[in-house]
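Report on the structure given below.
All of the numbers you see were taken from the coordinates with simple rules; none came from a lab. Computed from a predicted model, the values in this text were never measured in an experiment. Methodologically, a virtual Cβ is constructed for each residue, glycine included, from the backbone with ideal geometry; neighbour enumeration extends over all protein chains shown.
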Amino acid sequence: MAALGAPTPGMNIPLAKVDILPKDIQRVTRTIRSGWIMQGPQVGAFEKAVAIYCGVSHTVATSSGTTALHLALHLAGVTSGDEVIVPSFSWIASANSVRYCSATPVFCDADGSTYNMTPETVAPLITSRTKAILLVHQFGMPCHLGAFSVLSKKHGLALIEDAACAIGSQYENKPVGNCHYSTITCLSFHPRKVVTTGEGGMLLTNDIQLAKTARILRNHGAASDGTFTHIGYNYRMTDMQAALGVDQIARLKLTISKRRAIAQQYCSLLGKHPLITLPEEPVNCQTNYQSFMVRLRKRAFPQRDTIAQDLAADGIACRKSIAPAHMEPCYTAIQEQVSLPQTEQLAKDGLILPLFSSMTKIQVKRVCLRLAASLQTRCG
């Protein structure tokens, strides 16, 4: 498999491309030459940079976004017999992190305009066994945090944000990750994300005790005095990884500005196409556009896969939506059949188009022209 951002044979507009500059590489090189490559000063610097950017009190770097989610659910007391409401329209790690705690993921439907879970899709699923709501900001699009905060408090539930895709997004003019509405927020730094450390994640909270326990748990359960006070995990981030991310945080506002400009160009060029529906950014929110997914309307979506092949043949990478977790074999084998009509339709008609911060106006225009040409050919 080719490295992300490197062109596969025939591909000259990749789906995504990492935003790594020479100074990022230089920081990693200095870290390696220092001899301290495990968790150390660069992890501390990265945690501090994210805390300042997001306006949160405590940050705990982890080995991945998935391990951050596992720690968050563990800290929320999720255990065997509990249920956690989670969207099916999300990367499988959201649901898997619930299973790591021996709890049951209860899948909710998504909104067709924002691709996010909503209070209306979640509220009917709350039972006496519900312990938490795992709120996913899909593709970086912020969920309605205020409404979910009211809902979770009404039922005495933990509210945890899976913001794996959402660093740099804003809800009501404040950064996602400030934990004003939620107990814990989790980030991912996978190469498809806006900020990358190769692999890596982070747990964010304003609760000092939760942060203290998270730091113990990520380090095999070892307290600061060296005694093992908990049954912990090896969920540490290395200094090499953290070094790659520090300067990306410093320029994150500029990165988001570029991504939003690219998304706006897509909206301008595709907004009036009769066979395309664009995502809708909620009022008082700003998304980082970690990904840009359009929907093909009724006459076009049966041809979605063929249209994706047309783009690929012309050197344009794309992705066919997200596979719903509730339809994956690992979940159909352990639970009764679930019907989530909006999620299942999103999986059929969604098409994720290329978007990366260095993408040019010419490249965006080429994607739109080729997409329109394929729709004309396949759908008339």
>> Students often forget the sequence filter, so: which aspartates and glutamates lie under 18 Å Cα-Cα from LYS253 once same-chain residues fewer than 8 apart are removed?
In response: ASP19, ASP24, GLU47, GLU172
> Taking neighbour Cβ counts within 10 Å as the exposure measure, how do ILE249, ILE92, ILE160, ILE25 sort from fewest upward?
Replying inline: ILE25, ILE92, ILE249, ILE160
> Can you tell which of GLY226, GLY177, GLY201 shows the greatest fluctuation in a Gaussian network model of the chain with Cα springs below 10 Å?
Replying inline: GLY226
> Using unit Cβ charges (K, R positive; D, E negative) and no other charged atoms, how large, in debye to the nearest 20, is the dipole of the chain about its Cα centre?
Replying inline: 1120
> Taking 1 over the mean of 1/r across every pair of different Cα atoms in segment 261-312, what Kirkwood radius in Å do you get?
Replying inline: 12.4
>> Can you tally the net charge around SER113? Count Lys and Arg as +1, Asp and Glu as -1, for every other residue whose Cβ sits under 11 Å from the Cβ of SER113.
In response: -2
> Average projected area of the Cα convex hull of segment 226-274, in nm²?
Replying inline: 7.3
> If we count other beta carbons within 10 Å of each Cβ, what is the order of CYS54, CYS165, fewest first?
Replying inline: CYS54, CYS165
> When only C-alpha pairs under 8 Å and at least 6 residues apart count, what is the relative contact order of the chain, in percent?
Replying inline: 22
> For ASP109, ASP239, ASP82, what ranking results if the residue with the fewest other Cβ atoms within 10 Å of its Cβ goes first?
Replying inline: ASP82, ASP239, ASP109
>> Less than 9 Å Cβ to Cβ from LEU135, Lys/Arg counted +1 and Asp/Glu -1: what total charge do the surrounding residues give?
In response: -2
>> Among the listed pairs LYS17/LYS361; LYS272/LYS365; LYS320/LYS348; LYS17/LYS258; LYS48/LYS258; LYS17/LYS193, which have their C-alpha atoms separated by more than 19 angstrom in this model?
In response: LYS48/LYS258
> When only Cα pairs under 8 Å and 6 or more residues apart are kept, what is the percent relative contact order across segment 53-177?
Replying inline: 24
>> Let me check I've understood the local charge: for SER63, count other residues with C-beta under 10 angstrom from its C-beta, Lys and Arg +1, Asp and Glu -1. What total comes out?
In response: +1
>> Run the reach check for LYS131 against lysines, Cα to Cα strictly under 28 Å, same-chain hits fewer than 8 apart removed. What comes back?
In response: LYS153, LYS154, LYS174, LYS212
> Which value at 222 nm does the chain reach when only helices count, each DSSP H run of 4 or more adding -39,500 (n - 2.57), with the total divided by all residues and rounded to the nearest 500 deg cm²/dmol?
Replying inline: -11500 deg cm²/dmol
>> As a test of the definition: which semi-axes, in Å, follow for the chain when you take the square root of five times each eigenvalue of its alpha carbon gyration tensor? Largest first, please.
In response: 33, 27, 18
>> I want to verify a result. In a Gaussian network model of the chain, Cα cutoff 10 Å, which of these has the top mean-square fluctuation: SER291, SER63, SER128?
In response: SER128
> Which of rounded, prolate, oblate describes segment 1-126, given a ≥ b ≥ c as roots of the alpha-carbon gyration tensor eigenvalues and a/c under 1.5 marking rounded, otherwise prolate only if a/b is larger than b/c?
Replying inline: oblate
